[in-house]
Amino acid sequence: MVQGDIADNDRLRRFLEDYQVRSVIHCAAKIDVAESMSHPGLYQRYNVDYTAQLIALLHALDIQELIFSSSCADYGEHQLLPLTEQHPLAPLSPYG
């Protein structure tokens, strides 16, 4: 088992190269809504900036398969059911 942090791009690159990774499942996000309200910058860094950094790294290494674990918190209060990706985005917190 290898343990790391999505923020450590160099270690992540070494892992992806050493293990010849071809597919990634991304579940490395902060998820505490209350914490996101008191530390929005932290959530911006981990859930947006480091995810963008990961995607750039995958692109650089020609890793084309990414499954991204997301949240319906992106949509806020539902306006339509069932929720689909076409639902208007209206997050109620920095987490969303």
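Results, tabulated for the structure shown:
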read-out	value
Relative contact order for the range 1-54, counting Cα pairs under 8 Å that sit 6 or more residues apart, in percent	45
Whole-Hz couplings from phi, Karplus 6.51/-1.76/1.60, listed for the range 54-67; x for Gly and Pro	4, 4, 4, 5, 4, 4, 4, 8, 6, 9, 9, 10, 9, 9
Alpha carbon convex hull of the chain, projected area averaged over orientations, nm²	7.2
Test item: Cα-centred dipole of the chain, Lys/Arg +1 and Asp/Glu -1 on Cβ, debye	80
Mean Cα-pair separation over length for the chain, i.e. relative contact order, pairs under 8 Å, 6 or more apart, %	35
Total formal charge among the other residues, if their Cβ is under 15 angstrom from that of Arg11, Lys/Arg +1 and Asp/Glu -1	-3
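Quick note: the coordinates plus some simple rules give every number you see, no bench work behind them. None of these values were measured; they are calculated from a predicted model. Every residue, glycine among them, receives a Cβ derived from its backbone with ideal geometry; neighbour counts consider all protein chains shown.
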